[in-house]
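**Student:** This is the structure I want to talk about, given as structure tokens.
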Amino acid sequence: MASVREAPPVRRHRWTVADYHRLAEAGILGEDDRVELIEGELYEMAPIGSRHAGAVDWLLSKLNEAAGDSAIVRCQSPIRLGERSEPQPDLALLRPRADWYRDAHPGPEDVLLVVEVADATAGWDREVKLPLYARHGIPEAWLVDLEAGRLEIHRGPGPEGYRRIERLPLAEARALEPEALAGARLDLSPLA
């Protein structure tokens, strides 16, 4: 009989995006299950409180206004990042496409900006989601940290994360220009 020391190492099963979709099709994951696939693992998403929802709705309105017809703004919809990740950022600014991404979720080449709004999840967003976005080459990511009253603008993606990070109090975030929306100015100070 083999001893515990001789037993093969236990490994985690990493899910693919295709596996993830099959779980939903089979009814294992239901419409009410708020999960996202990150690097092959399923994570429960935090409940959406009124403060978070209000901030996301307000930002959605402002980004739509700034983007006009030059980009598509999606709210809490999946983006496909490789074979093992399908996160759902709070907001994503996408390249325009005639089908409005009805035929397939956007990939990293389609995403111009992601925005994560954190009421209580800033650490998770900063340590897990933003590095994921950077590894997949998403050019710009914003973290709106409602708890700390701070905005983080991440640019210059690479395999180790974003190379340029600007942090400022939300109260001072009055003239922000997303790289993909040249000339547009966003005032996020009302979120302070």
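**Student:** Could you identify the single residue in G68, G40 that is under 24 Å from E109 (Cβ atoms) and either free of Cβ contacts under 8 Å to residues at least 12 places away in the same chain or not small (G, A, S) (or both)? Please lay out each step first, then the result.
**Tutor:** On the way: G40 fails: either free of Cβ contacts under 8 Å to residues at least 12 places away in the same chain or not small (G, A, S) (or both).
Residue meeting the stated conditions: G68.
**Student:** Need at least 1 residues that are touching a helix residue (DSSP H, G or I) at 6+ places or on another chain (Cβ under 8 Å) and either hydroxyl-bearing (S, T, Y) or more than 18 Å from L143 (Cβ to Cβ) (or both) per element, so show me which strands (runs of 3 or more DSSP E) inside region 1-89 make the cut, counting only ones lying wholly within it.
**Tutor:** Numbers: elements: 35-38, 41-44, 72-75.
Once the strands (runs of 3 or more DSSP E) in region 1-89 are filtered for at least 1 residues that are touching a helix residue (DSSP H, G or I) at 6+ places or on another chain (Cβ under 8 Å) and either hydroxyl-bearing (S, T, Y) or more than 18 Å from L143 (Cβ to Cβ) (or both), what remains is 35-38, 41-44.
**Student:** Another question, then. For A134, work out the one condition from (1) touching a Leu at 6+ places or on another chain (Cβ under 9 Å); (2) buried (at least 21 other Cβ atoms within 10 Å of the Cβ) it doesn't fulfil.
**Tutor:** Going through (1) touching a Leu at 6+ places or on another chain (Cβ under 9 Å); (2) buried (at least 21 other Cβ atoms within 10 Å of the Cβ) one by one, A134 breaks only (1).
**Student:** Which of the residues belonging to region 131-155 are touching a His at 6+ places or on another chain (Cβ under 8 Å), under 23 Å from A66 (Cα atoms) and among the aliphatic types (A, V, I, L, M)?
**Tutor:** A141, L143, L146
**Student:** Let me ask you something else. Can you pull out every residue in region 178-190 that is within 21 Å of W58 (Cβ to Cβ) and either in a strand (DSSP E or B) or within 19 Å of the chain's Cα centre (by Cα) (or both)? Step through it out loud before you land on a result.
**Tutor:** Within region 178-190, the subset within 21 Å of W58 (Cβ to Cβ) is 178, 180-181, 184-190.
Residues satisfying the conditions are P178, A180, L181, L186, L188.
**Student:** For region 1-31, how many residues meet the condition of being closer than 19 Å to S77 by Cβ, modelled with pLDDT of 85 or more and not aromatic (F, W, Y)? Break it down stepwise before answering.
**Tutor:** To start, the set of residues in region 1-31 that are closer than 19 Å to S77 by Cβ comprises 17-18, 20-21, 23-25, 29-31.
Cutting the leftovers down to modelled with pLDDT of 85 or more gives us 17-18, 20-21, 23-25, 29-30.
Of the ones still in play, those that are also not aromatic (F, W, Y) are 17-18, 21, 23-25, 29-30.
Residues meeting the conditions: 8.
**Student:** Is there any pair with a first residue in region 75-103 that is under 21 Å from L181 (Cα atoms) and a second that is buried (at least 21 other Cβ atoms within 10 Å of the Cβ) and among the polar types (S, T, N, Q) whose Cβ atoms are under 9 Å apart and which are 6 or more apart or on different chains, and what are they?
**Tutor:** I79/S85
**Student:** When region 105-139 is examined, which residues are found to be assigned to a loop (DSSP other than H, G, I, E, B) and at pLDDT 95 or above?
**Tutor:** H105, P106, G107, H136, G137, I138, P139
**Student:** Now a separate question. Have a look at E152, E166, E160 and point out the one that is assigned to a loop (DSSP other than H, G, I, E, B) and of a type outside the set (F, W, Y). Write out each step before concluding.
**Tutor:** On the way: E152 fails: assigned to a loop (DSSP other than H, G, I, E, B); E166 fails: assigned to a loop (DSSP other than H, G, I, E, B).
Of E152, E166, E160, the one residue that is assigned to a loop (DSSP other than H, G, I, E, B) and of a type outside the set (F, W, Y) is E160.
The values are calculated or read from the model by the stated rules, or taken from the named source; none is laboratory data. Quantities reported herein were computed from a predicted structural model and do not represent experimental measurements. A quick note on method: Cβ atoms are made from the backbone with ideal geometry, for glycine too, and the neighbour counts reach across all protein chains shown.
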